[in-house]
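Below you'll find the structure, written out as structure tokens, and then a few comments.
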Amino acid sequence: MGDVTGRRIAAALIDAAIMGILLVVIAKAFGNEQASSYSLWAETSGRPRTLFFLLTFAYFFGTELVWAQTLGKRVMKLRVVRADGAKAAAGPVFLRNVVRLVDWLPFLYVVGGITVFATGQRRQRLGDMAAKTKVVADDEAPPEPPEEPERPNDDEVLAQVLR
């Protein structure tokens with residue numbers, strides 16, 4: 001599988017930059033201008049902050065469900081798969097992104113980072129462990145599907161039925 005930790009950190013930084021741009025857009029479009037002297041985060045209290053969290057979740061959930069990768073993971077050539085290497089379905093993708101809120105605590109993936117390094121060779125964050133997913137290099141070949149047994153032709157089936 002190869003260790004993808006460095007690329008995973010770089011992908012998280014790219015995604016954080018995208019979320020930073022989203023925060024600026026929401027703060028300037030919907031935020032409280034009087035709070036702008038404090039910070040962008042203060043500017044987005046209430047509904048704008050709720051909108052930010054919903055759009056952030058939609059970004060991670062939507063991109064990982066459709067492409068198995070966020071834009072950061074795409075740039076870094078990573079993808080999210082089930083623990084067995086198959087494509088992750090909606091349920092595991094949803095769960096890993098709900099748990100992302102815990103991984104993100106207290107700030108910028110501190111819990112997630114500690115977990116990634118504490119899980120040894122697996123290098124999983126809490127969301128990956130809960131959803132039974134992993135992040136792999138996108139240049140790795142997907143697992144081979146099991147071979148289907150050879151199907152008999154119609155004549156053979158008919159001959160067996162008529163016996």
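Going by the conditions given, is Val93 in contact (Cβ under 8 Å) with a residue 40 or more places away in the chain, β-branched (Val, Ile, Thr) and in contact with a Leu (Cβ under 7 Å, 6 or more places away or on another chain)?
So Val93 fits the description; yes.
Only residues that are open to solvent by 50 Å² or more (accessible area, probe 1.4 Å) and either closer than 13 Å to Asp128 by Cβ or small (Gly, Ala, Ser) (or both): list them for the range 99-110, please.
Val102, Tyr109
Which of the following residues is of a type in the set (Ser, Thr, Tyr), at pLDDT below 95 and more than 21 Å from Met19 (Cβ to Cβ): Thr50, Thr119?
Exactly one of Thr50, Thr119 is of a type in the set (Ser, Thr, Tyr), at pLDDT below 95 and more than 21 Å from Met19 (Cβ to Cβ), namely Thr119.
From Asp139, Asp155, grab the single residue that is open to solvent by 90 Å² or more (accessible area, probe 1.4 Å), in contact (Cβ under 8 Å) with a residue 24 or more places away in the chain and out of contact with any Cys (no Cβ under 6 Å at 6 or more places or on another chain).
Only one candidate passes the filter, namely Asp139.
Condition test on Gln124, is it of a type in the set (S, T, N, Q) and in contact (Cβ under 8 Å) with a residue 60 or more places away in the chain?
Criteria not met by Gln124.
Can you pull out every residue in the range 4-33 that is open to solvent by 40 Å² or more (accessible area, probe 1.4 Å), among the β-branched types (Val, Ile, Thr) and over 26 Å from Arg122 (Cβ atoms)?
Selection gives Ile18, Ile21, Val24, Val25.
Taking the range 68-98 as the search range and keeping residues that are surrounded by fewer than 19 Cβ atoms within 10 Å (Cβ to Cβ) and part of a loop (DSSP other than H, G, I, E, B), which one is farthest from the chain's Cα centre (by Cα)?
Once the filter is applied, the top-ranked residue is Asp84.
The values are calculated or read from the model by the stated rules, or taken from the named source; none is laboratory data. In this text the structure is predicted, and so the values were computed from the model without any measurement. Reconstructed Cβ throughout: ideal geometry from the backbone, glycine too, with neighbour counts over all protein chains shown. Remember, those area values only see protein heavy atoms, side chains included, never the ligands or the DNA or RNA. Shrake-Rupley method; radii C 1.70, N 1.55, O 1.52, S 1.80 Å.
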